[in-house]
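The values are calculated or read from the model by the stated rules, or taken from the named source; none is laboratory data. These numbers come from a predicted model, not from an experiment. Using ideal geometry, Cβ is built from the backbone for each residue, glycine included, and neighbour counts are taken over all protein chains shown. What goes into the accessible areas is simple: the full protein's heavy atoms, side chains included, and nothing from ligands, DNA or RNA. Shrake-Rupley method; radii C 1.70, N 1.55, O 1.52, S 1.80 Å.
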Amino acid sequence: PIYFYITFLVPAIAFMAASSAMREEMKATTLDYVLTRPIPRPAFLGCKYLSHLACIQLDLLFAFVVVLAVGSFRGVTGLMAVVPQLLVCQVLLATAFTAFGFLCGSLTTRYVVIGLIYGGLIEAGVGQIPTQLSRLSMTHQVRELLVPVVDHAVAAASVVSWLGTIAVLLAFTAFMLTAAATVFSVSEHSGRADP
């Protein structure tokens, strides 16, 4: 259940919410108002990302509390000891997949198709290969950190592996945001036609 929540639900919710929020900004009525203001498009996208990320983190924090409450109610032992690791993993994945959602929302109205292709090829496909190639999957990296949480017989992940995973997820986030800002800056958008 922990893997399903952290490595499937959190990325899916963050991706869908971010993609649809980005598409809302590209509607004709919004474009007429927003893109005529004297703010550079990358700055607009960056501010939009930060505000949206704060909101999605709050939404997911509520879901996290519900998951903890259900786990406590069901008598899961040692749950409170692993709360910090689970919360860090949730925050990292939400940050990364929100950026990915912004990129897909900037690219097309069919962002779900891109998300499904990415999820199928990289997260579910490449992430399951038992080689270093699986490190391309963001959820696989987090899953490796969570192995000691799920299986108490496994030694806890080292500080180096935590820092490495954090660095990779933040690099993924930066790359996706840069690509989204580039696409958003160079794409031509048409507003409402004048009556």
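General observations
- Using a Förster distance of 45 Å, the FRET efficiency for THR182-LEU68 (Cβ separation, nearest 0.05): 0.70
- Helix 10-25 axis versus longest C-alpha principal axis of the chain: approximately 10°, rounded to the nearest ten.
- The listed residues THR165, THR77, THR108, THR29 rank as THR77, THR29, THR108, THR165 when sorted by accessible area, largest first, using a 1.4 Å probe.
- For the chain, built as a Gaussian network whose Cα springs stay under 10 Å, the top-fluctuating residue of ARG41, ARG110, ARG143: ARG110
- Value of Rg to Rh for segment 53-102, rounded to two decimals, is 1.05; Kirkwood radius and Rg both from alpha-carbon coordinates.
- Rounded to the nearest 500, the 222 nm mean residue ellipticity of the chain from helices alone is -22500 deg cm²/dmol, with -39,500 (n - 2.57) taken per DSSP H run of at least 4 residues.
- For segment 68-129, the mean projected area of the C-alpha convex hull, equal to one quarter of the hull surface, is 6.0 nm².
- P(r) of the chain over all Cα-Cα pairs, binned every 5 Å from zero, in whole percent: 1, 7, 15, 18, 17, 14, 11, 7, 4, 3, 1, 0, 0, 0
- Were the residues from ALA167 through LEU50 laid out at 0.36 nm apart, the gain over their Cα-Cα distance would be 40.3 nm.
- Cβ-derived FRET efficiency at R0 35 Å, GLN128 paired with LEU87, nearest 0.05: 0.85
- Estimated dipole of the chain in Debye, rounded to 20 [Cβ of Lys and Arg +1, of Asp and Glu -1, Cα centre]: 60
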